[in-house]
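The values are calculated or read from the model by the stated rules, or taken from the named source; none is laboratory data. Nothing here was measured: the structure is a model prediction, and the numbers come from that model. We place every Cβ from the backbone using ideal geometry, glycine too, and count neighbours over all the protein chains shown. Just so you know, the surface numbers come from the protein's heavy atoms only, side chains and all, with ligands and any DNA or RNA stripped out. Shrake-Rupley method; radii C 1.70, N 1.55, O 1.52, S 1.80 Å.
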Amino acid sequence: KSRQIAHHDAVSKWTSKSWWWMESPKFDKRYLIALGEKVSLVMTPTHKRLQQNAKKGAWDGGQCYIVPLSYSESFVGLDEEVWYEVKRFQSSIRQMFREEGRGVIFLETVTRTSRGGGGTALQAKLEVVPVSRSVERDAPLYFKSALAEVAQEWGTHSKVITLDDNKKTLRNAVPKGFPYFYCGWEGGGFVQLIENEEEGDDEDGDGGGGMRGGGGSKRFPRDFGIDTVGGMMDCDPMRFQRRSPSRDGDRGEILQFCDKWKGFDWTLELDG
């Protein structure tokens, strides 16, 4: 019985940390943009998103997460019907941003520190980062360089796997249960298996962990993906962008997002 209680406590701890998941007690339903049968679309609170330098009058919002409704450690391990809804969300999101003259980059980081062991982990989320079309075009070059730097720093031997969204996809490129970093854009992307990472705990609940220097524990940088995107846009790293939550729960941003999304919301078909 004590083992069952310990497992329950561990599950509760990681569920609570996954504030982007509807099952978490920390989930704020105001940020729910759309709800499929298997997958949800959740807006990133403004104090947690990348601060972009948008042109005056241009929409700079839209950063969000695609989140499975059922418990999942990673997108590699999703059932086929869940993956189908993920792809529908990705397609609609691309169309929405294309209408705005923007591109989009998808990011997922699955590390040992985002998993607690014993069948517990943070809930999987696919980060959706809207960018300019030029940044999207340059993304393969930037990420290839950034991943090469990480590999050199870690002495990792795993190659960067190039995806084409056709024969070589995230789901068939990574063995289930392996930690990995994924970045994707229209027509392709990269995935890097994360090797030589020490066990640990992700205390702030965003998934991943920080790179520890001075001989401390070695962890894949939690903000590697978003910081690489930010670097392409001359934005400060996320650790320098700490801000307070919006007092009104980002009401204006959420309404604007919903207004942009409604013309592309495939989940409306489910209501009929």
Whichever residue in segment 34-53 is assigned to a loop (DSSP other than H, G, I, E, B) and out of contact with any strand residue (DSSP E or B) (no Cβ under 9 Å at 6 or more places or on another chain) and, among such residues, is nearest to V129 (Cα to Cα):
Q51
Name the residue that is modelled with the highest pLDDT, counting only residues in segment 180-199 that are open to solvent by 10 Å² or more (accessible area, probe 1.4 Å) and at positive phi.
G187
Out of R239, R243, R212, report the one residue that is part of a loop (DSSP other than H, G, I, E, B), open to solvent by 40 Å² or more (accessible area, probe 1.4 Å) and at pLDDT 70 or above.
R243
Over segment 149-179, the set of residues among the charged types (D, E, K, R), at pLDDT below 80 and within 15 Å of F224 (Cβ to Cβ) is E153
Run down L50, L32, L41, L69 and say which single residue is surrounded by fewer than 18 Cβ atoms within 10 Å (Cβ to Cβ), touching a residue at least 40 places away in the same chain (Cβ under 8 Å) and of a type in the set (A, V, I, L, M).
L69
Within segment 246-271, track down each residue that is among the β-branched types (V, I, T) and either at positive phi or assigned to a helix (DSSP H, G or I) (or both).
I254
Residues of segment 86-114 being buried (at least 22 other Cβ atoms within 10 Å of the Cβ), part of a helix (DSSP H, G or I) and not hydrophobic (A, V, I, L, M, F, W, C), in sequence order, are T113, S114
Scan A34, A54 and give me the residue that is over 21 Å from C183 (Cβ atoms), at pLDDT below 95 and not basic (K, R).
A54
Those residues of segment 115-128 which are at pLDDT 75 or above and either of a type in the set (K, R) or open to solvent by 40 Å² or more (accessible area, probe 1.4 Å) (or both), in sequence order
K125
Within segment 246-272, of all residues that are open to solvent by less than 30 Å² (accessible area, probe 1.4 Å) and acidic (D, E), the one modelled with the highest pLDDT is D265
Single residue of segment 156-179 satisfying the filter (among the charged types (D, E, K, R) and under 16 Å from T109 (Cα atoms)) that is most open to solvent (accessible area, probe 1.4 Å):
K176
What are the residues in segment 53-103 that are of a type in the set (V, I, T) and over 12 Å from V39 (Cα atoms), if any?
V76, I93
